[in-house]
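Enquirer: Below you will find the structure I want to go over with you.
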Amino acid sequence: MFKAKISALGCYTPPGVLTNQDLEKMVDTNNQWIVERTGIVERHIAPPEMATSDMAVEAARAALDQRGIDASELDAIIVCTVTPDMLFPATACLVQDRLGAKRAWGFDLVAACSGFIYGLTTAAHLVSMGSHKKVLLIGADTMSRIIDYTDRSTCILFGDGAGAVLIEPTVEGETGFIDFHNLVDGSGGDYLKQPAGGSRMPATQETVEKRLHFVKQDGAQVFKYATRKMFESCRDLLARNNLTVADVGAFIPHQANRRIITAAAERLGISCDKVIIDIDRYGNTTAATIPLATRDALLCGKLKKGDLVVFAAVGAGYTVGANLWRWEM
Ligand code: COA
């Protein structure tokens with residue numbers, strides 16, 4: 001078995017920003033409520049001509065440039081998203097073509113807010129098998145395309161963005177990927193979904209009129225589940241590796257709601273200076289929150305080479321994921 005490490009990171013957020021003050025003019029809400037209940041101040045929104053693959057390609061190019069390699073060296077491309085350019089072909093195919101990654105195969109991974117965590121686990125295993133030397137993992141979502149901007153309970157939460165990492169074999173002395181604790185609880189499927197547009201409820205005039213192509217959620221149910229499972233998955237992951245929160249250098253959680261993150265972190269007992277929160281500037285970008293938060297952690301010096309890092313997320317499905325890595329960049 002080989003070991004896998006993250007060897008490069010690139011991110012992209014579109015330049016347009018939607019502030020809480022902008023939302024005050026669109027729905028019955030106010031800045032104070034949004035900040036107190038979610039921690040979000042603003043989010044980036046893609047212009048109409050920009051699709052998920054466009055942001056994914058920007059993030060991918062930034063990662064490849066950082067590593068100084070050409071896309072033709074890639075063995076596989078995984079795009080984690082719930083907002084593909086279209087249902088098929090997969091966004092991974094569009095990205096492969098735009099990058100000129102001639103040798104790479106690839107696929108889309110649909111696990112909503114846990115997408116990037118599942119992608120990390122999958123890419124690490126491809127590299128661990130020895131069959132893949134360079135896997136490009138991208139989390140990208142254009143949530144603004146599936147959000148109902150007349151629904152105040154959801155439109156305040158989401159933003160657009162993309163992040164990409166390169167996963168490669170470690171060299172001597174490096175650890176990289178250590179362990180994962182992922183699970184699915186499909187009984188929670190009804191609490192957070194995009195009801196129409198699939199084979200169960202194909203697009204009709206009625207589905208459009210009833211706004212069923214937008215995100216629907218029971219926010220309170222999702223909140224309770226996310227808080228509990230983010231804590232439990234991290235606790236169990238650390239315990240089975242004989243580690244405690246004192247060993248962790250950085251906790252990089254999915255950014256859905258500041259209160260979910262702080263509640264999970266408090267139950268874990270991890271000191272708040274190790275908890276990475278950037279939801280104020282990006283909102284919930286679904287599969288992109290983990291790479292965006294990782295970039296922020298690096299920029300502000302909270303994540304350094306050799307640190308033990310826990311990535312964690314809960315999302316639609318329900319999907320739950322926690323990954324343990326030694327940071328080697
Ligand atoms: N502005 C002002 N008031 C709002 C509002 C908004 N944007 N959205 C909801 N409210 C109101 C509600 O209508 C309700 O009013 P009522 O008591 O008169 O009925 C009140 O605020 C409280 O609503 P509630 O839903 O209990 O608020 P909350 O504190 O649970 O926060 C969420 C709502 C959506 C922010 C929160 O439930 C949440 O973040 N859930 C998880 C969502 C999530 O993470 N989704 C993605 C998962 S990866």
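The values are calculated or read from the model by the stated rules, or taken from the named source; none is laboratory data. No experiment lies behind these values; they were computed from the predicted model shown. Here the Cβ positions follow ideal geometry from the backbone for every residue, glycine too, while neighbour counts run over all protein chains shown. SASA here: full protein model, heavy atoms, side chains in, ligands and nucleic acids out. Shrake-Rupley method; radii C 1.70, N 1.55, O 1.52, S 1.80 Å.
Enquirer: Using the structure shown, decide if THR294 is β-branched (Val, Ile, Thr) and open to solvent by less than 30 Å² (accessible area, probe 1.4 Å).
Expert: Considered against the rule, which asks whether it is β-branched (Val, Ile, Thr) and open to solvent by less than 30 Å² (accessible area, probe 1.4 Å), THR294 comes out as yes.
Enquirer: Moving on. Being surrounded by fewer than 15 Cβ atoms within 10 Å (Cβ to Cβ) and either touching a residue at least 24 places away in the same chain (Cβ under 8 Å) or outside the structural domain of HIS254 (by TED's automatic domain parsing) (or both) is the filter here; which residues of the stretch 199-217 pass it?
Expert: ARG211
Enquirer: Shifting gears a bit: Just need a number here: residues in the stretch 253-262 that are open to solvent by less than 10 Å² (accessible area, probe 1.4 Å) and in a helix (DSSP H, G or I).
Expert: 1
Enquirer: For ALA250, indicate whether it is surrounded by 15 or more Cβ atoms within 10 Å (Cβ to Cβ) and within 12 Å of the ligand (Cβ to nearest atom).
Expert: So ALA250 does not fit the description; no.
Enquirer: Next question. Would you be able to tell me the number of residues in the stretch 118-177 that are more than 16 Å from PRO291 (Cβ to Cβ), β-branched (Val, Ile, Thr) and open to solvent by less than 10 Å² (accessible area, probe 1.4 Å)?
Expert: Looking only at that region, the number is 4.
Enquirer: Would you list the helices (runs of 4 or more DSSP H) that sit entirely within the stretch 1-94 and hold 3 or more residues that are closer than 18 Å to HIS132 by Cβ?
Expert: 52-67
Enquirer: Which of the residues that make up the stretch 222-231 are more than 8 Å from the ligand (Cβ to nearest atom) and free of Cβ contacts under 8 Å to residues at least 60 places away in the same chain?
Expert: LYS224, THR227, ARG228, PHE231
Enquirer: Going residue by residue through the stretch 129-140, is there one that turns out to be farther than 30 Å from ASP75 by Cβ and either aromatic (Phe, Trp, Tyr) or within 16 Å of the ligand (Cβ to nearest atom) (or both)?
Expert: Checked against the condition, which is being farther than 30 Å from ASP75 by Cβ and either aromatic (Phe, Trp, Tyr) or within 16 Å of the ligand (Cβ to nearest atom) (or both), the stretch 129-140 yields no hits at all.
Enquirer: So, ASN242, is that one more than 16 Å from the chain's Cα centre (by Cα), modelled with pLDDT of 95 or more, surrounded by fewer than 24 Cβ atoms within 10 Å (Cβ to Cβ) and of a type in the set (S, T, N, Q) or not?
Expert: yes
Enquirer: Let me ask something else about it. Identify, from the list ALA265, ALA322, the residue that is among the small types (Gly, Ala, Ser) and surrounded by 24 or more Cβ atoms within 10 Å (Cβ to Cβ).
Expert: Going through ALA265, ALA322 in turn, just one is among the small types (Gly, Ala, Ser) and surrounded by 24 or more Cβ atoms within 10 Å (Cβ to Cβ): ALA322.
Enquirer: Report, by residue number, each residue of the stretch 232-252 that is touching a residue at least 40 places away in the same chain (Cβ under 8 Å) and not in a helix (DSSP H, G or I).
Expert: Within the stretch 232-252, ASN241, LEU243, VAL248, GLY249, ALA250, PHE251, ILE252 meet the criteria.
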